[in-house]
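Participant: Quick one: structure below, then a few questions.
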């Protein structure tokens, strides 16, 4: 029997008090993901140390869905023979399981969506033991087209109502399930995502394993920080660290951008073939601490000149994270006076630590040189003296 609680025993603000961390199947497996892939991912999150570094969600993306039975209950397809058993396995590893659906009748992959079955699906997810739902817009526009809705304001209201409907369905289960909207940044979702119960919402189109795409997405996040905080986060899409032909410097840059932006850290690489270098980047505790900082304040773009960008993020302990990116093809050299420390709200004489180098730098003088490699980053933690 599926039981629904009249009042949830959790707070939405504490459900995702810091940006969710985990792994998602889409970037590597796409529509080929299977039950065994998810089990292996769970095993590798533990064996690699990623779970202990904070990566706790194992998220199944699109193409798990089968057909509905005569009562309308959704069942997984042959790739996922027993979703409850899979959830139990993931939970036995000290991890949590995520799943995917759409407010439309079909998902992006043309599988069964949740349209007209929101409460039914939410109860099914809760019975399986699901902890995270990614809800992807996809075919909901077809619903509005079929209804003859052309007015943009009316379409926006219908879209928000569809997301709110699933939010209420999740609440009714009484199970704490992180709610992730995949809205691609349409209709300035950051302005209203939290109002429909979302814990995070996509702010951009899909990411890819190309450096230029990663940088473009990062730059479009500037100015969105005021809409995010504990319990509700801007989501610039999943991590591509370790995918494609990204270099060591590019992987570090990607990880640093996402940490500075207080972004969800959802790895998307093949965990069974992960190199030691990629593992070290994904599990760097000091970088993760910046992403997970309890203050929950996103970085601001403090300064940009040519290929050099400086982003600043205030931290809960009174310190400041300062990231100096070089998106150019040649190395860049700055001096201490170029760091705009005062604009970051810090007094002169702050103590600096180079996070990626794991090195204490002491006070950075105005004339002290700082070299940033091509497509690289220097990430500093500055602490007032």
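Participant: Which angle from 0 to 90°, rounded to the nearest 10, does the C-alpha axis of helix 118-128 make with the longest principal axis of the chain?
Facilitator: Helix 118-128 sits at roughly 80 degrees to that axis.
Participant: Can I ask one more? Starting from the Cα-Cα distance between residue 248 and residue 67, subtract it from 0.36 nm times their residue separation and give me the gain in nm to one decimal.
Facilitator: Full extension from residue 248 to residue 67 adds 60.8 nm.
Participant: Something else now. In whole angstrom, how far apart do the alpha carbon centroids of segment 48-100 and segment 140-201 sit?
Facilitator: Centre-to-centre distance over Cα atoms comes out at 23 Å.
Participant: Hey, fewest Cβ within 10 Å first, where do 67, 96 land in order?
Facilitator: Starting with the residue having the fewest Cβ neighbours, the order is 67, 96.
Participant: Sticking with this one: At a Förster radius of 30 Å, what calculated FRET efficiency corresponds to the Cβ-Cβ distance of residue 383 and residue 303, to the nearest 0.05?
Facilitator: Working from the Cβ atoms, E equals 0.90.
Participant: List 149, 364, 130 from most exposed to least, where exposure is judged by having the fewest other Cβ atoms within 10 Å.
Facilitator: 149, 364, 130
Participant: Any idea what the alpha-carbon Rg over 2.2 N^0.38 Å comes to for segment 300-383?
Facilitator: Expressed relative to 2.2 N^0.38 Å, the Cα Rg reads 1.00.
Participant: Using only alpha carbon pairs under 8 Å that are at least six residues apart, calculate the relative contact order of segment 17-109 and give it in whole percent.
Facilitator: Computed over segment 17-109, the figure is 32 percent.
Participant: Sticking with this structure for a sec: State, as an integer percentage, the relative contact order of segment 300-383 based on alpha-carbon contacts under 8 Å between residues 6 or more apart.
Facilitator: Relative contact order, segment 300-383: 34 percent.
Participant: If you take the beta carbon distance between residue 371 and residue 47 as r and set R0 to 30 Å, what does 1/(1 + (r/R0)^6) give as a FRET efficiency, to the nearest 0.05?
Facilitator: Efficiency, from the Cβ-Cβ distance: 0.25.
Participant: Highest first, please rank the peptides 78-86, 256-264, 113-121 by the mean number of other Cβ atoms sitting within 10 Å of their residues.
Facilitator: So the order, starting with the most tightly packed, is 256-264, 113-121, 78-86.
Participant: If you compute Cα Rg over 2.2 N^0.38 Å for the structure shown, which of (1) 1.07; (2) 1.43; (3) 1.02 do you land on?
Facilitator: Recomputing Cα Rg over 2.2 N^0.38 Å here gives the entry labelled (3).
Participant: Can you tell me how segment 101-217 classifies by the Cα gyration tensor, rounded, prolate or oblate, using a/c under 1.5 as the rounded cut?
Facilitator: oblate
Participant: Right, here's the next one. Quick one: helix 83-92 against the long Cα principal axis of the chain, what's the angle to the nearest 10°, folded into 0 to 90?
Facilitator: The answer is roughly 40 degrees.
Participant: Compute the acute angle (0 to 90°) between the alpha-carbon long axis of helix 152-173 and the principal axis of greatest extent of the alpha-carbon atoms of the chain; round to the nearest 10°.
Facilitator: Tilt relative to the chain: about 80 degrees.
Participant: Could you tell me which of rounded, prolate or oblate describes segment 201-330, using a ≥ b ≥ c as the square roots of the eigenvalues of the alpha-carbon gyration tensor, with rounded for a/c under 1.5 and, failing that, prolate when a/b is larger than b/c and oblate otherwise?
Facilitator: Judged from the Cα gyration tensor, segment 201-330 comes out rounded (a/c under 1.5).
Participant: Extending each Cα 7 Å along its Cβ direction at residue 92 and residue 157, get the distance between those two points in nm, one decimal.
Facilitator: With each label placed 7 Å out from Cα toward Cβ, I get 5.1 nm.
Participant: Okay, moving on. For the chain, give me the percentage of DSSP beta bridges that are antiparallel, rounded to the nearest 5 percent.
Facilitator: Beta bridges within the chain, antiparallel portion: roughly 60 percent.
Participant: Can you give the extra length, in nm with one decimal, that the chain gains between residue 331 and residue 219 once fully stretched, where that is 0.36 nm per residue apart less the Cα-Cα distance?
Facilitator: 38.3 nm
Since every read-out is calculated from the coordinates, none of them should be taken as a lab result. Given the structure is predicted, the values throughout are model-derived calculations rather than measurements. Cβ coordinates were reconstructed from backbone atoms using ideal geometry, including for glycine residues, and neighbour counts include every protein chain displayed.
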